[in-house]
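Heads up, the thing below is written out as structure tokens.
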Amino acid sequence: MTTTLYPAHATVVEVGMRDGLQSEPDVVPLANKLALARSLINAGIRHFEISSFVSPRAVPQLADAAELISALADERQGLELSALVPNSRGAIRAAEAGVDTMVVFVSASESHNQKNVNRSVADSLAGFREVCRIAGEHGTPVAGAIATAFGCPFQGEVPVARVVDIARGFRDLGMTVLTLGDTTGMATPLLVRERVTALREAVPEMPISLHFHNTRGIAMANVLAGLALGVDRFESAIGGLGGCPFAPGATGNAATEDMVYLLAECGVDTGIDLERLIQASRLAGRTVGHELPAQVSKAGPRLTRHAMDAVCTAAG
């Protein structure tokens, strides 16, 4: 019998503070965001996509990006705080705030990119040159994310060659990490294998990160597919927060606690305390005022025990 060897360690990037909260209809106060961030830090989360330097008018939920980063100054040691940067104005604000990494994104699908940022893919890539220039002046690395990397709700299949072309463009601009985004939950294990394999051949110098949504219930199967390929960096949102407003039917991100549980059960170390993470997830639910879709925060770890007298006994 053959045994699948997974990486000994995996990095979990918490995106709920950005990708999760931006989808909420009510603005979350800064104090509540800080409490949630500190709860996640207490659980062992060290890598955050903490916010986005988009126009405050466009996304009011993230208007306090600089204030949030500043308020976390005492906790910064040992943390990596990245932020989404849509354009040169955002890059300047992000640099002034002192982010550790700037993140730019473009959709592999032309139609989704138009809906999401009202620009062509070519225009988005051209705009990243200035972002990378500003980042370079401040010694800040830039990570590139490809949205709808596994399929588009408007055009359907996204050719793997399209994803590879964008990745090469990112590499040529000097970006340091490549994230494949499953914006609409259309990834499957076979697609994960196809795309990761193709990208490793085309841009072997770029580490790959995977970002799944649980729209069709197989986010964790896709994580396993990535692990089997040796991928050791995954993005997730506490409680399964999030969902793209420009993608019909898109539901929340892969839940951080569900993924950390899976990784632990596969013998992959994350440095994250699951029990504390569950507490952070419950705080996230209270913060946004509604139940979140994650499963492990409801059921607990696999060996959670219950008193027998707390459960009724079958009659007969």
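Remarks
- Folded to 0 to 90 degrees: helix 88-97 orientation relative to the chain principal axis, Cα: 60 degrees
- Within region 109-174, none of the trypsin sites (Lys or Arg not before Pro) combine a DSSP coil assignment with at most 11 other C-beta atoms in a 10 angstrom radius.
- Across the options Asn118, Ser82, Pro25, the greatest Cα extent toward the positive end of the charge dipole of region 1-128 (unit charges at beta carbon of Lys, Arg, Asp, Glu) belongs to Asn118.
- One way to sum up the overall shape of the chain is the equivalent ellipsoid from its Cα gyration tensor, whose semi-axes run 31, 24, 19 Å, largest first.
- Rounded to whole Hz, the Karplus (6.51, -1.76, 1.60) HN-Hα couplings of region 192-204, x for glycine and proline: 4, 4, 4, 6, 5, 4, 5, 5, 5, 6, 7, 9, x
- In terms of packing, defined here as the mean over residues of other Cβ atoms within 10 angstrom, the peptides 13-20, 231-238 line up highest first as 13-20, 231-238.
- The residues His213, His290, when put in order of fewest to most other Cβ atoms within 10 Å, stand as His290, His213.
- Once the C-beta distance of Ala126 and Ala198 is scaled by a Förster radius of 22 Å, the resulting FRET efficiency is 0.35 to the nearest 0.05.
- With θ taken as phi - 60° and the Karplus curve 6.51 cos²θ - 1.76 cosθ + 1.60 applied, the whole-hertz 3J(HN,Hα) list for region 257-262 is 5, 5, 6, 4, 4, 4 Hz, x standing for glycine and proline.
- Near Ala145: Cβ cut-off under 10 Å, other residues only, Lys/Arg at +1 and Asp/Glu at -1. The net charge is -2.
- The angle between the Cα long axis of helix 219-228 and the main principal axis of the chain comes to about 70°, on a 0 to 90 degree scale.
- Share antiparallel - DSSP beta bridges, the chain, percent rounded to 5: 5 percent
All of the numbers you see were taken from the coordinates with simple rules; none came from a lab. Keep in mind that this is a model prediction, so the values were computed, not measured. Methodologically, a virtual Cβ is constructed for each residue, glycine included, from the backbone with ideal geometry; neighbour enumeration extends over all protein chains shown.
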